[in-house]
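*Asks:* Take a look at this one; I'll ask things after.
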Amino acid sequence: MWRVEKHARVFLALGATDMRKSYFGLATLVESELGRTAVTGDLFVFCNRRRNMLKVLYWDRNGFAVWQKRLDKVRFYWPQNETEVREIKRHELAWLLEGLDIDQAHQKEKPKRFS
């Protein structure tokens, strides 16, 4: 069962991650590449190069847990910016898992002027 603490923050590890990594490989990336502590209960989200697979690593009271989702026909909208880690809200993670582009969800359409 996927239990997430209320205070847990969500971090995206931008760029491509080797999805052959498991618990300790991902935890090592969190600490060495992202500069975060992996045992805080926060969620760390990784995506592969083809953007059809995500892994979420988190500390669940007494050990690491990894949750994985793979898409067959579409791709995840993975943010394309230069920073190595990006914090998002929990509802944005839900949008990402549903295949929505979290960057476009915040853009507002300009009202059209009618003459």
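Derivation of every value follows stated rules applied to the coordinates shown; laboratory data play no part. In this text, all values refer to a predicted model and were calculated from it rather than measured experimentally. Cβ placement follows ideal geometry from the backbone for every residue including glycine, while neighbour counts extend to all protein chains displayed.
*Asks:* Once amide H atoms are placed 1.01 Å from N in the peptide plane, what residues at a sequence separation of 5 or more from R9, or on another chain, have their amide H within under 5 Å of its amide H?
*Replies:* Counting only residues 5 or more places away or on other chains, the set is D42, L43.
*Asks:* Now for a separate question. Could you list the trypsin sites (Lys or Arg not before Pro) in the stretch 40-106 that lie in coil according to DSSP, counting only those with at most 13 other Cβ atoms within 10 Å of their Cβ? Could you put the intermediate results ahead of the total?
*Replies:* Values: sites: R49, R50, R51, K55, R61, K69, R70, K73, R75, R86, K89, R90; in loops: R49, R50, R51, R61, K73, R75, K89.
In loop regions of the stretch 40-106 (DSSP not H, G, I, E or B), the sparsely surrounded trypsin sites (Lys or Arg not before Pro) are R49, R50, R61, K73, R75, K89.
*Asks:* To the nearest 20 debye, what is the magnitude of the charge dipole of the stretch 48-96 about its Cα centre, counting +1 on the Cβ of each Lys and Arg and -1 on the Cβ of each Asp and Glu?
*Replies:* Result for the stretch 48-96 is approximately 300 debye, rounded to the nearest 20.
*Asks:* Would you grab the residues whose amide H sits under 5 Å from the one on V85? Only those 5+ places off in sequence or on another chain, please, with H modelled 1.01 Å from N.
*Replies:* Result for V85 returns L14.
*Asks:* For the chain, modelled as a Gaussian network with Cα springs under 10 Å, which listed residue fluctuates most, A13, A65, A27?
*Replies:* Among A13, A65, A27, the largest GNM mean-square fluctuation belongs to A65.
*Asks:* Using +1 on the beta carbon of Lys and Arg, -1 on that of Asp and Glu, and nothing else charged, what's the dipole of the chain about the Cα centre, debye to 20?
*Replies:* Numbers: 22 positive and 15 negative charges, 93 e Å.
About 440 debye.
*Asks:* When the chain is fully extended, how far beyond the present Cα-Cα distance does D101 get from V66, taking 0.36 nm per residue of separation?
*Replies:* So the extension gain works out to 10.3 nm.
*Asks:* Under the rule of -39500 (n - 2.57) per DSSP H run of 4 or more residues, summed and divided by the residues of the chain, what mean residue ellipticity at 222 nm is obtained, to the nearest 500 deg cm²/dmol?
*Replies:* Numbers: 2 runs with 18 residues, N = 115.
Computed ellipticity for the chain at 222 nm equals -4500 deg cm²/dmol.
*Asks:* In nm, to one decimal, how far is the modelled label at N52 from the one at R9, with both set 7 Å along Cα→Cβ?
*Replies:* With each label point 7 Å from Cα toward Cβ, the separation is 3.4 nm.
*Asks:* Please label the shape of the chain as rounded, prolate or oblate, based on the square roots a ≥ b ≥ c of the eigenvalues of the alpha-carbon gyration tensor (a/c under 1.5 means rounded; beyond that, a/b larger than b/c means prolate, else oblate).
*Replies:* On the way: a/c = 2.03, a/b = 1.76, b/c = 1.15.
Because a/c hits 1.5 or more and a/b exceeds b/c, the chain counts as prolate.
*Asks:* Towards the positive end of the charge dipole of the chain, with charges on Cβ (+1 Lys, Arg; -1 Asp, Glu), say which of T17, P79, A65 has the farthest Cα.
*Replies:* With unit charges placed on the Cβ atoms, the residue in question is P79.
*Asks:* Sequence gap of 8 or more, or different chains, plus Cα separation below 18 Å: how many lysine pairs satisfy both in the chain?
*Replies:* On the way: K6/K89; K21/K55; K21/K69; K55/K69; K55/K73; K55/K89.
Step by step, the pairs that qualify in the chain add up to 6.
*Asks:* Counting other beta carbons within 10 Å of each residue's own, what order do Y23, Y58 fall into, fewest first? List each step's numbers first, then the result.
*Replies:* Details: Y23 13, Y58 22.
Result, fewest neighbours first: Y23, Y58.
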